[in-house]
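These notes are about the structure you will find just below.
The values are calculated or read from the model by the stated rules, or taken from the named source; none is laboratory data. In this text, all values refer to a predicted model and were calculated from it rather than measured experimentally. All Cβ positions, even for glycine, are placed from backbone atoms using ideal geometry, and neighbour counts span all protein chains on display. Areas reflect the complete protein model, heavy atoms only, side chains present, ligands, DNA and RNA absent. Shrake-Rupley method; radii C 1.70, N 1.55, O 1.52, S 1.80 Å.
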Amino acid sequence: MAPPLITQFGDDLVVVGASHHPLRDVYHLLLRASWPVAFAVISGTFVLLNLVFACAYVASGGVANAAPGSFRDAFYFSVQTMGTIGYGAMYPSTNSAHFIVVIEAVVSVMFSALATGIVFARFSRATGLLVFSRNACIAPMNGVPTLMLRVGNDRSNTIVEANVRAVLVRTEKTSEGIVFYRMHDLELARERTPALARSWTVMHPITEASPLYGATPSSCTMQEVELIITVAGTDDTVLQPVHGRYRYLHSDIVWGARLADVLSELPDGRMQLDVRRFHDLTPSEPTESFPFPTAS
C-alpha cells in the first residue's frame with residue numbers, strides 16, 4: 001500500500017492524504033514564483049528538451065555537416081531546429097533525422113505556446129502589494145475596548161472600493177465534548193473604503209455582541225485565538241481585482257496598546273504620512289474596566 005501524500009502548509013499545518021495535481025501545481029507555482037525562478041524553470045526546460053533531442057540525433061545520425069557522433073553538433077542542431085533559426089550549415093539528410101525534426105517541431109510549438117502563455121499571464125496579473133501591521137492591538141477607543149490593525153497599499157497607485165473582512169478563529173468545545181475550530185465574523189466599525197492608499201486603520205469595537213467580549217490574554221492563549229484578515233479591491237491602474245490576506249496568532253495581539261499615529265500636520269499646513277511608523281505601537285493607559293497593560 002502506497003504511503004499517504006503529505007503536504008506542508010506553513011509551520012503549523014500538515015495535510016495528509018490530499019491528492020496532487022502535478023500539471024496544475026506547476027502552473028500555479030510558476031505564477032507565484034519570482035521572475036528569476038520562473039525564468040530559470042523555462043530556460044532549464046528548454047535546455048533539457050534540446051538535450052533529449054540531441055541524444056536522438058546522435059543515436060540516429062543523418063545530420064549533414066555534423067561531426068560523426070558529435071553530441072555538441074547534435075545539441076546545436078536541436079537548438080536551431082527548436083528555435084526555428086536554421087542557419088543552413090546543418091540539415092537533416094535521412095528519413096530518421098527528418099522524422100525526429102518533425103517531432104521536435106511539434107514539441108517546439110507546444111513549448112513556445114506554454115512558455116508564452118505563462119509569461120503573458122505573469123505580466124497581465126495584477127500584483128497589488130498590500131501590507132499589514134505586524135501586530136494587532138486592543139485598547140480603549142472612546143471608552144470601548146477596540147481591536148485595531150493597520151493595512152496599507154505599498155504601491156503608489158490606489159485600490160478603489162476596497163473591502164476588508166475580519167474573522168476570529170478559536171478552539172471551542174460542544175456540549176458533546178467535541179473540540180473544533182469555529183469561525184466568528186467580526187463586525188467592523190468600517191468595512192469598506194472608496195480608496196485605499198498608504199494606510200487604513202481597521203477597527204472592531206469589542207461590545208457585548210463581539211466574540212471577544214470578556215476575553216483576556218490568557219483566555220485567548222488557551223483558546224488558540226487567531227485572526228484572519230482579508231482585503232479585496234480593484235487596482236485603479238489596470239482595473240483588475242487585487243487581494244491580500246494576513247493571519248494574526250494570539251501571540252501577535254498586543255493588549256493595552258494602540259497603533260502609533262502616522263499622520264501629522266506640517267508647519268505649512270500640508271499633511272504628512274510617516275509610513276516609517278506603520279508597525280509602531282504606543283501603550284495605552286490602563287483603566288478599571290480595561291486593566292492593560294498590566295504591571296510586570
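The numbered conditions (1) under 20 Å from Thr146 (Cβ atoms); (2) surrounded by 11 or more Cβ atoms within 10 Å (Cβ to Cβ) are all true for Ala209 except (2).
Of all the criteria given as (1) open to solvent by 50 Å² or more (accessible area, probe 1.4 Å); (2) part of a strand (DSSP E or B), the one not satisfied by Tyr76 is (2). Of Leu149, Leu114, Leu130, all but one fail to be within 26 Å of Leu30 (Cα to Cα) and open to solvent by less than 40 Å² (accessible area, probe 1.4 Å); the exception is Leu130. Of all positions in the stretch 246-257, at least one carries a residue that is aliphatic (A, V, I, L, M), within 26 Å of Asn163 (Cα to Cα), at pLDDT 85 or above and open to solvent by less than 40 Å² (accessible area, probe 1.4 Å). Would you check if Ala189 is within 25 Å of Phe292 (Cα to Cα) and either outside any loop (DSSP other than H, G, I, E, B) or open to solvent by 20 Å² or more (accessible area, probe 1.4 Å) (or both)? Criteria met by Ala189. Restricting the stretch 261-285 to residues that are touching a Leu at 6+ places or on another chain (Cβ under 7 Å) and assigned to a strand (DSSP E or B), the residue that is most open to solvent (accessible area, probe 1.4 Å) is Met271. I'm trying to understand the selection: among the residues of the stretch 64-88, which are touching an Asp or Glu at 6+ places or on another chain (Cβ under 6 Å) and not hydrophobic (A, V, I, L, M, F, W, C)? Across the stretch 64-88, the qualifying residue is only Thr81.
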